1. Yes or no: the stretch 106-118 includes at least one residue that is more than 15 Å from Gly11 (Cβ to Cβ), in contact (Cβ under 8 Å) with a residue 24 or more places away in the chain, in contact with a Gly (Cβ under 7 Å, 6 or more places away or on another chain) and of a type in the set (Lys, Arg).
2. Quick one: count up the residues across the stretch 1-17 that are in contact (Cβ under 8 Å) with a residue 40 or more places away in the chain, under 22 Å from Trp115 (Cα atoms) and not in a helix (DSSP H, G or I).
3. Take the residues in the stretch 1-15 that are over 11 Å from His80 (Cα atoms) and within 14 Å of the chain's Cα centre (by Cα), then tell me which one is surrounded by the fewest Cβ atoms within 10 Å (Cβ to Cβ).
4. Would you check if Val178 is buried (at least 18 other Cβ atoms within 10 Å of the Cβ) and in contact (Cβ under 8 Å) with a residue 40 or more places away in the chain?
5. Free of Cβ contacts under 8 Å to residues at least 24 places away in the same chain, farther than 22 Å from Met195 by Cα and out of contact with any Cys (no Cβ under 8 Å at 6 or more places or on another chain): is that true of Ser70 in this structure?
6. When both residues are 6+ apart or on different chains and their Cβ atoms are under 7 Å apart, which pairs have a first residue that lies in the stretch 288-313 and is closer than 22 Å to Leu134 by Cβ and in contact (Cβ under 8 Å) with a residue 12 or more places away in the chain, and a second that is surrounded by 18 or more Cβ atoms within 10 Å (Cβ to Cβ) and basic (Lys, Arg)?
7. Restrict the check to the stretch 73-90 and report whether at least one residue is over 30 Å from Pro198 (Cβ atoms) and either at pLDDT below 80 or acidic (Asp, Glu) (or both).
8. Say we look at the stretch 303-316 and pick out the residues that are surrounded by 14 or more Cβ atoms within 10 Å (Cβ to Cβ) and assigned to a loop (DSSP other than H, G, I, E, B); which of these is modelled with the highest pLDDT?
Amino acid sequence: MKGDRSILVTGGAGFIGSHLVERLLGRGHRVIVVDDLSTGHESNLEAARVMGGDRLTFIRSTVSAMSNRSDVGPCDAIHHLAAAVGVRRVMDRPMESLETNVVETAAAIRMALQWDAALLLASSSEVYGKSTKLPFHEADDVVYGSTAITRWSYGCSKALDEYMGLAAYRAHGLRVVVARLFNTVGPRQVGRWGMVLPRFIEAALAGQPLQVHGDGMQSRCFADVRDVAVVLDQLLETPQAAGGVFNVGSDRSISIQQLAELVLRCTGSHSTITHVPYESVFGSGFEDLHARQPDLRRMREVTGFATTISLEQTIRDVMASMGACVSKESAA
């Protein structure tokens, strides 16, 4: 997609969204950010405002409320990133999380159809549920636990988002791309809703114990948000990606125990590592996956992309950004 296009980014004041906004502005596009700031922060857009000037517009709103506005659109493309984020938030606010994911995605799809805009739907590796087949491939069956286990509601809601988007592609020719995001990390991510890397780095910098849930042998793959922003942009501008589902992330596996140890090495912290039972954090009956690793062949074939930022560099950059935040607070 050439520069000087108009692109709507929902959830654009969030962690991933704000980095994507900077990527799009850097390529010459005009960007409208829609975010209700339930988990995003306007401060995440500080660099984007400097970069974009009057090419950046911020609207505090939900996506569904946008249908009542006549001062926005039509746009050439939509990146729909607005969603409930974090296992902690989903467990604490399950109804709100479900409504946010399904209702707001349906509104984004209707908006894209109305404008004849290309649409990227940000989905999640949670769609795979409790599957044990590794690595996860986009065509694999999904496996969920009992509906009595709140933890699986998020994955089901994101799967419903995918069904709606792909149905619009088949029925109406909507140029939709589904991006299943795996663990994304980097500057501006916060640990409030259970995100493991910022939690670990915050604890390490404060000299507090790093709390590992369970035995720490569960493994994940972490991709830097700045790499992810590039992939999202590339997927939406690639014609052959339309109607497709793509895993997005890194396929370098690391256990949560090893991640905690890596954070201690990178930060030079003398903090200890403690293990906390899942039940004491999320309540009884919580289920988690032992391993989560994406098959990235489809993404690589379409975009030719390879990650450029190592996990070690991400940790150092997050540490530096947290230090800057502390300095600002101290100055205030």
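1. Checking the stretch 106-118: not a single residue is more than 15 Å from Gly11 (Cβ to Cβ), in contact (Cβ under 8 Å) with a residue 24 or more places away in the chain, in contact with a Gly (Cβ under 7 Å, 6 or more places away or on another chain) and of a type in the set (Lys, Arg).
2. Residues of the stretch 1-17 that are in contact (Cβ under 8 Å) with a residue 40 or more places away in the chain, as a first pass: 1, 5-17.
Checking which are under 22 Å from Trp115 (Cα atoms) leaves us with 1, 5-12, 17.
From what's left, not in a helix (DSSP H, G or I): 1, 5-12.
Within the stretch 1-17, residues that are in contact (Cβ under 8 Å) with a residue 40 or more places away in the chain, under 22 Å from Trp115 (Cα atoms) and not in a helix (DSSP H, G or I) number 9.
3. From the stretch 1-15, those over 11 Å from His80 (Cα atoms) are 1-6, 13-15; that's our starting set.
Add one more test, that the residue is within 14 Å of the chain's Cα centre (by Cα), and what stays is 13-15.
Details: Ala13: 27, Gly14: 26, Phe15: 23.
In this case the residue turns out to be Phe15.
4. Working: buried (at least 18 other Cβ atoms within 10 Å of the Cβ): yes; in contact (Cβ under 8 Å) with a residue 40 or more places away in the chain: yes.
When the stated conditions are applied, Val178 passes them.
5. On the way: free of Cβ contacts under 8 Å to residues at least 24 places away in the same chain: yes; farther than 22 Å from Met195 by Cα: yes; out of contact with any Cys (no Cβ under 8 Å at 6 or more places or on another chain): yes.
Criteria met by Ser70.
6. Note: pairs meeting the criteria are Arg292/Arg220.
7. Checked against the condition, which is being over 30 Å from Pro198 (Cβ atoms) and either at pLDDT below 80 or acidic (Asp, Glu) (or both), the stretch 73-90 yields at least one hit.
8. So the residue we want is Ile309.
The values are calculated or read from the model by the stated rules, or taken from the named source; none is laboratory data. Remember, it's a predicted structure, so these values are computed and weren't measured experimentally. Cβ coordinates were reconstructed from backbone atoms using ideal geometry, including for glycine residues, and neighbour counts include every protein chain displayed.
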